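The values are calculated or read from the model by the stated rules, or taken from the named source; none is laboratory data. Being a predicted model, the structure only gives us computed values, none of them experimental. Cβ placement follows ideal geometry from the backbone for every residue including glycine, while neighbour counts extend to all protein chains displayed.
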């Protein structure tokens, strides 16, 4: 194992320290006062804000699908760090579905914090996968562990102090990291995942989120931007699934009783 840090790993460490400095010493940032005022409040089947709640199902399905794939791979050969980071991401998708579903059922500050705590797990796994894919396996573990450690603090700090800056730095800095890594060549032994597509889907989801009311108006009340945000963000798993290593099936042994006998 390489003991010394590579140049890129040093750059990643320096960027992390700078981001932490901004989060801690930067000016306080307030949450939008009408953040909970989503465009679509229609209830259906006894579910309040039904489309915003039920549109979290793709997160759960993608996460469970991914965990099943990780489990099948583990039956064939031991999981390495990249598979571990993928498992963390898929667990985070399920947690995101649960947290976001609870939040949209009855939007409150506490519910929003639960939503963000689920997102932390998914984001830690995703950013860790990107670092492992483009820098090194160990850097991926560092990134995932760091985000998983400070992410809950950033989410809860907003609930406690009303300062959104640490959360904004974590989310925005993570996106910038994945975007920068998308332009790097794959590391040795990498899966070569399509990070440009991942970033594109994430940005499209943010556009839908910001245009929540406008999308509902443009679709004549059919669907809101926030609902589409959930669907598009969950679609991130599709290009990742397509590029992940295929399941290796060991050669089947023919039982001795079934082997043809020599004449």
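Quick notes on this structure:
- Scanning region 25-45 for residues that are exposed (fewer than 14 other Cβ atoms within 10 Å of the Cβ), in contact (Cβ under 8 Å) with a residue 60 or more places away in the chain and closer than 19 Å to residue 116 by Cα yields 28, 30, 35.
- Helices (runs of 4 or more DSSP H) lying entirely in region 1-91 (those with 2 or more residues that are within 24 Å of residue 170 (Cβ to Cβ), modelled with pLDDT under 95 and within 25 Å of the chain's Cα centre (by Cα)): 7-25
- Residue count, region 129-164 (criterion: more than 24 Å from residue 84 (Cβ to Cβ), touching a helix residue (DSSP H, G or I) at 6+ places or on another chain (Cβ under 7 Å) and part of a helix (DSSP H, G or I)): 4
- Scanning region 216-257 for residues being under 30 Å from residue 91 (Cβ atoms), over 21 Å from the mean Cα position of the chain (by Cα) and modelled with pLDDT of 95 or more gives a total of 2.
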